[in-house]
1. What is the fewest-to-most order of 123, 84, 148 by other Cβ atoms lying within 10 Å of their Cβ?
2. Ranked highest first by average number of other Cβ atoms within 10 Å, how do 98-107, 155-164 line up?
3. Going by C-beta contacts inside 10 Å, put 89, 70 in order with the fewest on the left.
4. With a Förster radius of 22 Å, plug the Cβ-Cβ distance of residue 94 and residue 61 into 1/(1 + (r/R0)^6) and report the FRET value to the nearest 0.05.
5. For residue 22 and residue 119 in one chain, what is 0.36 nm times their gap in residues minus the Cα-Cα distance, to one decimal in nm?
């Protein structure tokens with residue numbers, strides 16, 4: 001498996017590390033999901049366990065692979081969505097090239113595990129046409145691990161106190177460290193609940209009202225400002241059409 005796309009994108013959020021210029025590589029990480037395609041660009045110190053030195057660009061663009069798959073009578077992705085996906089990937093890769101990316105890697109998730117031609121699309125479009133050879137379909141278990149590692153890295157919360165909810169366009173995962181675990185987000189140390197998008201639990205949690213009064217038997221909770229629980233957008237995270245230049249390595 002590749003360097004797990006910049007240590008599987010989770011470590012793109014790790015604190016800045018000191019690095020010598022000779023060991024730094026500028027890398028682009030693609031997350032090809034069921035509802036969107038994301039690209040993250042940053043410098044990685046390959047001499048320090050692939051720690052991220054600096055991030056320069058992050059963008060997400062919608063691409064409804066999952067919705068297209070659900071409409072398919074034979075379980076395949078249509079030519080139209082494949083063309084749109086390739087066009088979106090090509091446009092994002094061009095940005096990465098302009099920022100001086102030397103290496104790329106990509107992960108694909110739920111819909112590509114299900115679609116009969118999901119693997120073929122990645123082989124032909126991503127590996128073949130775009131030349132991103134490090135492209136893998138990750139298991140849902142690995143998605144849960146990455147979700148937990150990312151939540152810990154971004155929030156700064158101790159791993160043992162962190163519960164991660166990762167709800168994508170085709171699946172969702174809830175993960176936390178097991179009672180006897182240390183601080184690792186490996187599969188052996190995590191308690192994980194994994195389900196499909198739209199399944200019972202995901203639907204119930206998503207539809208919960210945060211303003212409903214507690215039932216009579218419940219102990220009232222002291223409300224806290226929502227801002228206490230919402231993470232600030234990282235400085236490198238840019239909306240579509242907004243980008244900043246990065247110096248070439």
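1. The most exposed by this proxy come first: 123, 84, 148.
2. Working: 98-107: 20.2, 155-164: 14.2.
By packing density, highest mean first, the sequence is 98-107, 155-164.
3. Values: 89 22, 70 15.
By the 10 Å Cβ count, ascending, the order reads 70, 89.
4. Values: r = 13 Å, r/R0 = 0.57.
The computed FRET efficiency comes out at 0.95.
5. Details: separation 97, 0.36 × 97 = 34.92 nm, distance 3.58 nm.
That works out to 31.3 nm of additional length.
None of the figures in this text is laboratory data; all of them are computed from the coordinates on show. If you're wondering where the values come from, they're calculated on a predicted model, not measured in any experiment. Here Cβ is always computed from backbone atoms with ideal geometry, including for glycine, and neighbour counts include all displayed protein chains.
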